[in-house]
Structure formats: C-alpha cells, structure tokens
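Each remark here refers to the structure printed beneath this line.
No lab work stands behind these numbers, since they all come straight from the coordinates. Since the model is a prediction, treat every value here as computed from it, not as a measurement. All Cβ positions, glycine included, derive from the backbone under ideal geometry; neighbour counts span all protein chains shown.
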Amino acid sequence: MAKNNSDTLKTVLITRFSALGDVAMTIPIVYPMCKANPKVSFVFATRKMAQGIFENCPENLIVLGIDLDDYKGITGPVKLASNLQHRYDFDAVADLHDVLRTKLMVATFKRKGVRVAVINKGHKEKRQLTKGKSHQPVVSTHARYKAVFSALGLKLGEEFTSIYTQGEKPKSPIVPAKEKGDRWIAIAPFSQHKGKEYPLEQMKLVIAEMSRWEHCYLFLMGGGAKERELLDPIMMRYSNVLSLLHIKHSFADELALLNHCDVMLTMDSANMHLASLVGIPVVSVWGATHPSCGFMGWHQALKDTVQLDLDCRPCSVYGNKKCRYGDYHCMKDISPELILDKVKTVLER
C-alpha cells in the first residue's frame, strides 16, 4: 500500500544523473529537506563525477556516485534499480531527472511496490519560450524539485544559504591568504555549448581591465586540457591572475576557494550553480539561453545578469542548438564594458 506522509518513510532514493550543473541545482533543495526530515534516510544516486560537489552534506544523506558504464542498455537501469532496492529497501523514490534511464528505474521500483514521485520538467512551456510563442517565465527547476519531495509528503525545510555555516572559511591547499581589502573574482569563461559562451577574445579584454583594478585578484576556472591551453597564456601575462587548471584540485578545493571570493563572473554553466552553493554574488552572462527557462542560479539576482534583449532569445533551453543566423550575436554583441560595469556594481554594493 502506498505511504501517504513522511512519518511512514524510512529510506528514500533520489535520482539525478544529468550534467554537473543540474545536479548542483538539487543541493539547495535536498540539504534543507534532509535536515527537516531527520528520521528519514536519503540516498542520492548520481554520476560518479558529480559526487564530489556534495560537501558538508546532512548526516542522513548518502551520496552514491554511479558508474553508468556498468549499467548500459535497456536492462542496465532495471539492474541498477534492483541492486539499489536490494541494498537499501526504499520506501519511496524521488526522480528528479525523468529520462529513459530513470523511467526504467521508476517502472522497476513500482513493480516492487515502492512509492514514486517524478519531476514535471515543463517541456511544453519551455518550447513555447524558444519558439517565441510565450514570454512568460516558466516554473523554476528548484521549484520543480521541491514539488517532487512535497508529493512524497516530505517537509522542505528552511531556505538554503550555503553548504558552509555562517562565518565558516574552509581551508584548502589551493586557497592563498586573503589580505584585508583584497577583492577576489572567480571567472568561469567556458560553457559546454557555443550558444552559452562569451567569445574568449572579448573575455580577454574583460580580464585585462580587471587585472588593473586595485587590490584585485582573478581566479580562472574551467576543465580539460584544451581549456588549460587557452587559459595558461592569460595567467602568464598578469601577476594577479591564477588559472585553477594549472593546479591539481578537487571540487572541495574549488568550493573552498569560491567561498572566499567576492563575486563570480560566469556563463550559464555548472559554475554558476556551484557559486550558489557557497552563497556568493554572481554575474552571469546569457546568450542563446535565458533565465526565464527556469535554470537561474539559486537566489541569484536577475539584475546581476548580462544579456541582450533580442527577439530571437531564447532560441534554446540548453544552448545546444546552432545559431539560426550563424554568428551568435546574442553573445558577440555584448560589450566587455557592459560586463565590467556589472561586476563593478556588485563589488561596490
């Protein structure tokens, strides 16, 4: 028989196997929810590479990094669900992903009599935005996550502010000493898709100007050998610019550094959501995508975004579509001065 409220729940599975940013977006909802339901044990199943962002997680939350190569094909998700159910004996499942993999897992859990709640992604409303048939912002992804837990009768908890307690300054080998009066700016210039990435040559102008700001230190963030090759020459040119790609570090180190920063300049990317985990101000640059599609960072201000008001925006929910004009002018036409002014405004706030 289905269970109707959190008092009858003992162990709940949460699933989200998507990109790093989508997983990071779950934390401001999942952490307070876990703390508000201390008698329930939660297991969060995600990709192995995303496991490291769950810093300072609640005591009743286990994070499982799953190697999806071990569960390929149609039978893979069924096998994964069966293995997890045998190991943990779940009372309920919160599917925050709703793709073929988790649909197959959900079907398996249902056959075993486990209660299930699934996210409503709002695909129709988002398509209306990208086709220009609507300009009404859709329900945020964070609100959609909350709805899944509410459907299981779970308490949502207090508003999330940071993975760290108030005043906590986590230490890390990669975090240098910060002198009084110094201003630290984290810059994440890359994104998975071209439609979400500010042209690097223009970003170099932004970095060049910021490097001249008094008592200002810049930390460049990214991932992969190609991005390191692009950022290392920039780092070598300025004494107050450091590329993190030049230093071996973990997500814990990266989050510790972000916690010391005064602002982050980022694209619509995973880094935008990582910044939300430590509660620092964010200046985000938007091109093909748009905050109205529901993927704005947790508690980030719309007034701190940099974007152009164009009839063709948004043309994509995820930024993976090619520009219909071929020039990505939604990004190219953003002047470095517009970004610099926005960062200055945040720093002087």
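Overview of values
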| read-out | value |
| --- | --- |
| Rounded to the nearest 20 debye, dipole of the chain from Cβ charges on Lys, Arg, Asp, Glu | 1420 debye |
| Segments 175-188, 91-104 sorted - mean Cβ within 10 Å per residue, highest first | 91-104, 175-188 |
| Selection from 86, 291, 230, by position along the positive dipole direction of the chain (Cβ) | 86 |
| Cβ-based charge dipole, the chain, positive-most Cα from 220, 195, 246 | 195 |
| Full-stretch length increase - residue 322, residue 112 - with 0.36 nm per residue and alpha-carbon distance subtracted | 71.3 nm |
| Cβ crowding within 10 Å averaged over residues, with 301-307, 283-289 ranked highest first | 283-289, 301-307 |
| Charge tally in the Cβ shell below 12 Å around residue 20, where Lys, Arg are +1 and Asp, Glu are -1, residue 20 excluded | +1 |
| Point-charge dipole on Cβ atoms (K/R +1, D/E -1) for segment 192-349, about Cα centre, debye to 20 | 360 debye |
| Rotationally averaged projected area of segment 226-346 (alpha carbon convex hull; nm²) | 8.5 nm² |
| Sequence-separation-based contact order of the chain, relative, with Cα cut under 8 Å and 6+ spacing, percent | 18 percent |
| Per-q log10 I(q)/I(0), segment 6-151, q = 0.11, 0.19 Å⁻¹ (Debye; single scatterer per alpha-carbon; no solvent) | -0.42, -1.18 |
| The chain: calculated mean residue ellipticity at 222 nm from DSSP helix runs of at least 4, using -39500 (n - 2.57) | -10000 deg cm²/dmol |
| Segment residue 128-residue 239, length gained on full extension (0.36 nm per residue, minus Cα span) | 35.2 nm |
| Filter on 35/79; 48/110; 126/303; 35/146; 10/112 - keep pairs with C-alpha separation over 20 Å | 35/79; 48/110; 126/303 |
| Under 22 Å from residue 204, Cα to Cα: lysines that are on another chain or at least 8 residues apart | 194, 196, 226, 332, 342, 344 |
| Interatomic Cα distance distribution for segment 162-313, bins of 5 angstrom, percent | 2, 9, 19, 23, 21, 15, 8, 3, 1, 0 |
| Orientation-averaged projected area, Cα convex hull of the chain (nm²) | 18.3 nm² |
| Virtual spin-label span in nm between residue 348 and residue 48, 7 Å along Cα→Cβ | 5.0 nm |
